[in-house]
Amino acid sequence: MIVNDTGKARRVSIVLAVVLGILQLSIVPNVAILGGRANLALVFVAAVCLGGETSKAPFVGFFAGLFYDLAGSGPIGLMALLLTLTGFALSAAGRSRVSDDPTASMVLFVPVALVVEALYAIVLLLFGQAESFVEVVFMRALPGAVLDCIALCLVALVLSRTSGGSGGFGGKHSSGLSLKGL
């Protein structure tokens, strides 16, 4: 029997938010590919909202996006809007959790990451914070989306290894019986 432990899922979400938030502030500004940086707020939204509750997803997306906006130099509210819509769309997709099916989650996440990064970069271009379309799309959005996908792979790997049977975050649901000693 699979039991959905919402308390454990909430604790895992909070720990994931804190860890990704610290990494967003400390490591991400120093790691770039062609000027594109990872958006760990998007990774957090995907990890929590994919297969999650549709009623909570917009709140998760909004606050993760607001954190990203306040931590960066872009317009405040843009990433909050994008991640609110993304969180709702991912939760309504009807897919399983990231840790339960990482491959299917990545297939769904890759176009989402490309769209979110491209929309954010194009709005930066419209606001005059970038110089050319080629720069924002090919030098920021695409490398950023690649880093987002790598980050989600790592998060999915960690979640599937560390929280087996955790009420939505676990990758291996077992009944507690082991055949190792037989």
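The values are calculated or read from the model by the stated rules, or taken from the named source; none is laboratory data. Every value quoted in this text rests on a predicted model; they were computed, and no experiment measured them. Here Cβ is always computed from backbone atoms with ideal geometry, including for glycine, and neighbour counts include all displayed protein chains. These area figures cover heavy atoms from the full protein model, side chains too; ligands, DNA and RNA do not enter into them. Shrake-Rupley method; radii C 1.70, N 1.55, O 1.52, S 1.80 Å.
Some observations on this one:
- If the condition is being acidic (Asp, Glu) and out of contact with any Phe, Trp or Tyr (no Cβ under 9 Å at 6 or more places or on another chain), then segment 49-106 contributes 53, 69, 101.
- Criterion (modelled with pLDDT under 80, within 26 Å of residue 13 (Cα to Cα) and touching an Asp or Glu at 6+ places or on another chain (Cβ under 9 Å)) met by exactly one of 94, 144, 176, 165: 165
- Matching residues, segment 75-105, being buried (at least 17 other Cβ atoms within 10 Å of the Cβ) and closer than 23 Å to residue 27 by Cβ: 78, 79, 80, 82, 83, 86, 98, 99, 102, 105
- Segment 11-32, residues that are part of a loop (DSSP other than H, G, I, E, B) and open to solvent by 80 Å² or more (accessible area, probe 1.4 Å): 27
- Residue 67 being of a type outside the set (Gly, Ala, Ser) and over 23 Å from residue 127 (Cα atoms): no
- If you filter segment 33-71 down to residues that are of a type in the set (S, T, N, Q) and free of Cβ contacts under 8 Å to residues at least 40 places away in the same chain, you find that the one that is nearest to residue 118 (Cα to Cα) is 54.
- Residue tally, condition touching a residue at least 60 places away in the same chain (Cβ under 8 Å), among the aliphatic types (A, V, I, L, M), within 13 Å of residue 39 (Cα to Cα) and open to solvent by 50 Å² or more (accessible area, probe 1.4 Å), over segment 106-164: 3
- Spans of helices (runs of 4 or more DSSP H) in segment 33-138 with at least 3 residues more than 12 Å from the chain's Cα centre (by Cα): 57-71, 78-92, 102-126
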